[in-house]
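*Asks:* Below is a structure I'd like to ask you about.
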Amino acid sequence: MRGLKICLWIACIGCLLSISGMILPISTWQPIAKFFGVGSIPESPLVIYLVRVMSASYAVIGIFFIILALRPMDYGIMVPFSGLAAVVLGFVCALTGVTVGMPAIWYLGDSLSCIVVGLLIVLFWQNAVKKTNTQIEEA
C-alpha cells in the first residue's frame, strides 16, 4: 500500500507542476523553450489558450491523484484506471513526439515518467488488492 500511495503522490506532484503554465506570463515561457531547444513560442491567442487549458487540465488531474492517494482502496477501479490512463498518455506523448520529428528531450521526460508511474500504480494496486483479499479470507 505504501508504494501505491507514493506513486499516486508522485503523479500528483508531476501534474500539479503544470500550474506554472496557467499563471506565468508568456514572456517567461521563452527562456524555458530556448533551454529545451524549441526556439520561440508564438504569442498567438490560440497558443496561449491551449497552454492555459492544458495546464488547468493537468492541475485538475493532479487533484484527482491527491484524492486517490489519501485513501486508494476506497476508490476501487479508479486507481488502476488512473495508472492505465497514465500509460496511454505516455505512449501518446512518445508516438506523437516521434511522428512529428521532435527531439527526444522534448517528450521523453513526459512519456517515460507517465509509463513508469502508471505501470507502478497498476502493479501496486494489484498487490494491495491481493493483500486485502488474503486478510479477508483469513478473518
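*Asks:* Please give the FRET efficiency for THR28 paired with VAL98, using the beta carbon to beta carbon distance and R0 = 41 Å, rounded to the nearest 0.05.
*Replies:* That pair, THR28 with VAL98, gives E of 0.90.
*Asks:* Using each residue's phi in region 46-61, evaluate 6.51 cos²θ - 1.76 cosθ + 1.60 at θ = phi - 60° and report the 3J(HN,Hα) Karplus result to the nearest Hz, with x for Gly and Pro.
*Replies:* 5, 5, 4, 4, 4, 5, 5, 5, 4, 4, 5, 4, 5, 4, 5, 5
*Asks:* Moving to a separate point now. Work out the FRET efficiency for LEU70 and TRP106 from their Cβ-Cβ distance, taking R0 = 35 Å, and round it to the nearest 0.05.
*Replies:* After rounding, the FRET efficiency stands at 0.60.
*Asks:* Percent of Cα-Cα pairs per 5 Å bin, from 0 to the last occupied bin, for region 84-139, please list those.
*Replies:* Distribution as computed: 4, 21, 19, 14, 11, 8, 8, 6, 4, 3, 1, 0 percent.
*Asks:* Relative contact order of the chain, please, whole-number percent, based on alpha carbon pairs below 8 angstrom and at least 6 residues apart.
*Replies:* 32
*Asks:* Mind giving me the FRET efficiency for MET78 and VAL116? R0 is 25 Å, r the Cβ-Cβ distance, nearest 0.05 is fine.
*Replies:* 0.80
*Asks:* In Å and whole numbers, how far do the C-alpha atoms of the chain stretch along each principal axis, longest first?
*Replies:* Projected onto its principal axes, the Cα set of the chain covers 62, 29, 21 Å.
*Asks:* On full extension of the chain, what length is gained from LEU123 through ALA56, given 0.36 nm per residue of separation minus the C-alpha to C-alpha distance?
*Replies:* Full extension from LEU123 to ALA56 adds 21.3 nm.
Here, each number is a calculation from the coordinates, and none is a lab measurement. Predicted model, so just to flag it, every value in this text is computed and none were measured. Methodologically, a virtual Cβ is constructed for each residue, glycine included, from the backbone with ideal geometry; neighbour enumeration extends over all protein chains shown.
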